[in-house]
Structure formats: structure tokens, C-alpha cells
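See structure below.
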């Protein structure tokens, strides 16, 4: 036994856990009676529900009145709705990165954070998918985007990046949901066997599908999980690439660039990790999960934030250089205008939040400070929201002919729907924390030292 | 009443993943067929210990992914070049490079459905009940911290006394016969 502890890394899970204590600690959160719900949860839930109600009211008014209630005009026909869409899709990407890419790379520290990172993905994609839907002008016929045989005798245009986007985001949502649910089956079975009352017994019994942890079942289960991780990896890269095609395939200066797919993917992972960090700190504090989400997990995520933030900074620099090097006047103007024009404030907010502030994570002490990482994760998400604003709005506001230029000003409803989307996201997330296993029970047991059959060999 | 009791199998508990692996090897070598091990998480090396052949799930997923690709190509070709040809940006009706994103997405979608539904089908899930759930100790422990071996009565080698004895001889404790409760 001693040979093991000496040669291996520091433990992933702290606080001397047994298999039973892992089941107990994670299941008890969902089993607690109403009075057992932490006060902080209620406070956050009330705030989220208010924001959600605000979203419902704003959308109702939007459908009644039309998209004119937003700041969109000519030439800025894509306003905050599309900024928010790209922002939310990007947030989702870190969840898939943690669950799929880190799984394939055998990064075992991912086990503590993958479940709620995947949940975050699903809720973020729900928020993202809402925006193009309410932006189409006549949302009651939004289903015309789908290719189905119809009495009009027409089909959608498969050469359009907007259609590709619908397929990419639709697939992404479906696959993420299946991946999340598959990962949860063993944990639902654990909770099923612990269930005391009728409602829990029946609902968990149905959701666990009769899984009984048998050797033959685990074999197929592990294979399915590996395949899902394997196909989610190219999928997550493709989704934000396709989102970037919405811009890159057009001929607008500042959008028509080949750097967009990798640049968007790096930015998506960057913002997503920041959001995972925000949520991890909240979940850890509300439910005191310090033994499962340890400082090591948080520090690793901070390192990834530093890495991807720096990659995004490189992309900003590269983009600027190429616009000068291209010798194209329109392209050059688009970038100089971003940094010095009417929207310079947005551009420099983006640069400071995304490139400058994350450099603080070069210092170990900063990487390990809960306060610093929480504040910085919010700063990064502000910065990444501004990145999409800069790309979309500055480019459209000042395109080819100065006579066609205009300055974009958001309205009250732009703000209220953005805030409302956070309400939707947080409401779903808080419900998830309360009712589903927020940490993968079976996976955590699998990384405990006593889960390894060889652990028992050297015991003297 | 005792005569009408229907015995559906037997279950035995083991102490930890290492003893479960050893028990699985002995069960395999003894020639049992309708038996299984149960653990709250996948135990490394269990497939070899049980002698389970490799799962065919990968092939099934590959087949469905290929169907997804083909369907996506045919859908786009037929709608854009045959049923509703429309000149867009001067591109050919069958503009294959533009079909690639949707072909990729539908391949992934089909593969994911095949992986999840195939996994459930190979595992014979969802399933309403199973003889092992007649043991209260099994229900309480198998997804928490217990390690079990179960043998079903349908196994040719199954015998009420001998199997129980054998499970004890390979280190099993809390050995129970699974009695149908209906």
C-alpha cells in the first residue's frame, strides 16, 4: 500500500473517502427535505426566477410587437440576439471539452467537475438556441428552417451557413444530452437503491432503466461512453467552427477570414472554462463539496483559462497583422476602426478582460485564491461577451459605404432579454444541483485508490 | 407452499474489487455461462477475468455513422439538385463541398444514437425487474459499496446446493438463493 502512495500523484479526492461515503455525500444533497435546502440556494433561486420571469415577459412583448423593440436597425441587423447566441454556445463548449477531450486524454481530475460542466453545456445551449429562434421575426414559423416535405414544394438552402448552424447546434444539443444522461445512469441507480419514498422510488427507478452494475453491462457502458467521448470531440470543434462560418463565409470586411474557426473554438473554451469556474465556486460553496472539487481541480482550470486566454490574445494580434499585411483597404479599416473608432471602448474592454487580466494566473498564489478566480471568471465572461459584440456590431456598423454607416444603441429590451437568459440558465442549473447527482458518483469511486484491484496486493 | 417456491439463481458478496476479480476468474474456469459480477463502478481487468468477448458496439456505431453520412448526402443532393434546383451564388446544383458540414453533423448524430441505444440493447435495458433484485442485501449494496457474483438458475451447471457451496468455496459471503416473490 505504501508503494502506491509514494509513487502516485497527490490524491484527487481528499478527506479519506470510502465507497459508501461518496454515495452518501453526493446523494444526500438530492435526498434532503425542503427544510434541508441551503439558504444560499434559496437566495440564488429567487433571483434567478425573477430574471426568468422577466425573460418570459420580455419575449411575450417581443412576439407581440416585433424585433423593432431591440436596437437592431440598418446596417446593424444582427444585434445583441446574435451576440448572445454566440456567447452562450461558446459557454457550452467547455463542458464538452471537460467531459470528452479530457476523458480521452485520461485526465482523471475531470471526474469531479465533468457532471456539472456537462449540465452547464446543456443549459447554455438551451439559452443559445432560444436567440436565433426569437430573432427570426416570425417565430411562429421558425420550423420552416427544418428540411421537411411541404405543400409549398420548396426546400431550405443547404449552401447557407445559417442552415449548417441549425444542424450543428441541434446535433450538439442532442448529443450532449445523451452523453450527460448516459453518464448519469449508474448514479441514478445508486440513488434508486437509496430511495425511501414512493415518488423517488418510481421516478429514479424509471430513470435508472434497471441498470444493475454487472460486469457485462459495464463493458458495453464503458464502450458507449468512450465512443460518445470520441465523437463529441470533433463535434465540439465543428460546432463553433460552423458558428464562425456564419461570419467567415460572408464577404464582409473583418468577417471574411480563415482564422475564424480556430479562433472561435479557443475563445469558446476560454469563456466556457470561466463559466465552469464561476459555477464550481458556487456549487462548492453552497454544498460544501471541498473534498470533491479540490484546489487542484480549480488550479488546473485556471491554468487552462490562462492558456486559452493567451491563445485568444494571439488570435487578436494575428488578425490585426493579417489585415495590414493583406493590403486590402477595407480590411485594414475594419480593424483600425475597431481599435480607434466609435467602439474603441468595447474593443479595449475585450482586450483587457480577455488578454491582460488572465495573466495574473502566472502566479501560483493567484491561481489558488478562491476570490481571485471567482472575480476573474466573471471578468473573462464579460470580456468574451464583448468579443462577440466587437466582431458583430463594429463590423456591421461601419461596412463599405460611409453613407450607410450608423451607430448601434441597445434598448431596454436588449438588456432585459440578456439578463433574462442568465435567469433561465441559473434556474436550470440550481434545479440540477438540487435534484440530480452534481458529481459523478461511480466515476469518483473509480478514481479512489481502493478501486484499483492492485491496491490490495501490497497490503502487509 | 415450499414446493411452489421458484429459485431463480444465487448471489454472493465479496469484500473488494481484488477478491471479486479472483472470484470471477474461478467462475469462468468452472464453466458457468449465465452469471455476472456486480460492482458500483467498472473494475479494471474484469472483462478478462470474466472471459467476456469484446463488445460489438463499435461496429454498430460505425455502421450507423456511415448511414448518417449517406442519408445527409442524398438528402442534400436530392433536394438541391433534383427536386428544387435553384442557382445560388452561381454554384453548381450539386455543390458537394457545401454539403460537408451537414454530412458531418448527421454522421455524429446517428453515431451517438447508435452508441446509446445500442448500449442499452446489448445490456437488455430498460428492464423492469431482475432476479438479483430479490435480495435485499444486493439492492442495498450493489451500487453503493458491495461487490457481488450472481448466477442465474437458467445456467446448465446451476444446482441449488452445489452452486451455493461453490460460491462459498471461492470466498463469497452473505450467500443467498434468489427466490421469486410472486
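All of the numbers you see were taken from the coordinates with simple rules; none came from a lab. Just so it is clear, the model here is predicted, and its values are computed rather than measured. With ideal geometry, Cβ positions are generated from the backbone for all residues, glycine too; neighbour counts draw on all protein chains shown.
For region B:136-182 and region A:181-198, what is the centre-to-centre distance using only Cα atoms, to the nearest Å? After rounding, the separation between the Cα centres reads 22 Å. Legend: ranking of residues A:406, B:36, A:452 from fewest to most surrounding C-beta atoms inside 10 Å; resulting order A:406, A:452, B:36. Per-residue mean of foreign Cβ neighbours for B:27-37 is 1 (Cβ atoms of other chains, 10 Å radius). Each of the peptides A:308-318, A:365-375, A:99-109 was scored by the mean count of other Cβ atoms within 10 Å over its residues; in descending order, highest first, they stand as A:308-318, A:99-109, A:365-375. Here the simple spin-label model places points 7 Å from the Cα toward Cβ, and for residue A:366 and residue A:65 these points are separated by 4.3 nm. Per-residue mean of foreign Cβ neighbours for B:97-104 is 5 (Cβ atoms of other chains, 10 Å radius). Working ranking of peptides B:164-170, B:7-13 by packing, defined as the average number of other Cβ atoms within 10 Å per residue, highest first, is B:7-13, B:164-170.
Between residue A:454 and residue A:42, the FRET efficiency estimated from the beta carbon spacing at R0 = 51 angstrom works out to 0.65. Peptide B:85-93 has a mean shielding of 1, counted as Cβ atoms of other protein chains within 10 Å of each residue's Cβ.
At q = 0.34 Å⁻¹ the log10 of I(q)/I(0) for region A:103-146 amounts to -1.07, computed by Debye summation with a single uniform scatterer per C-alpha, solvent ignored. Per residue, the convex hull spanned by the Cα atoms of region B:103-182 measures out at 154 cubic angstrom.
Could you compute the FRET efficiency for residue B:33 and residue A:53, with r as their C-beta to C-beta distance and R0 at 56 Å, rounded to 0.05? Efficiency, from the Cβ-Cβ distance: 0.40.
Stretched out straight at 0.36 nm per residue, the stretch from residue B:140 to residue B:160 would grow longer than its current Cα-Cα span by 4.8 nm. Distance from the alpha carbon centroid of region B:1-70 to that of region A:368-447 works out to 45 angstrom. When only alpha carbons are used to place a centre, region A:95-149 and region A:241-291 end up 12 Å from one another. Our helix-only sum for chain A, with -39,500 (n - 2.57) per DSSP H run of n ≥ 4 divided by its residues, gives a mean residue ellipticity at 222 nm of -22000 deg cm²/dmol.
Between residue A:154 and residue A:318, the modelled labels are 3.9 nm apart [label points 7 Å from Cα along Cα→Cβ]. The mean of 1/r over all distinct Cα pairs in chain A, once inverted, gives the Kirkwood hydrodynamic radius of 23.7 Å.
Packing here is the average count of other Cβ atoms within 10 Å per residue, and on that basis the peptides A:387-398, A:41-52, highest first, run A:387-398, A:41-52.
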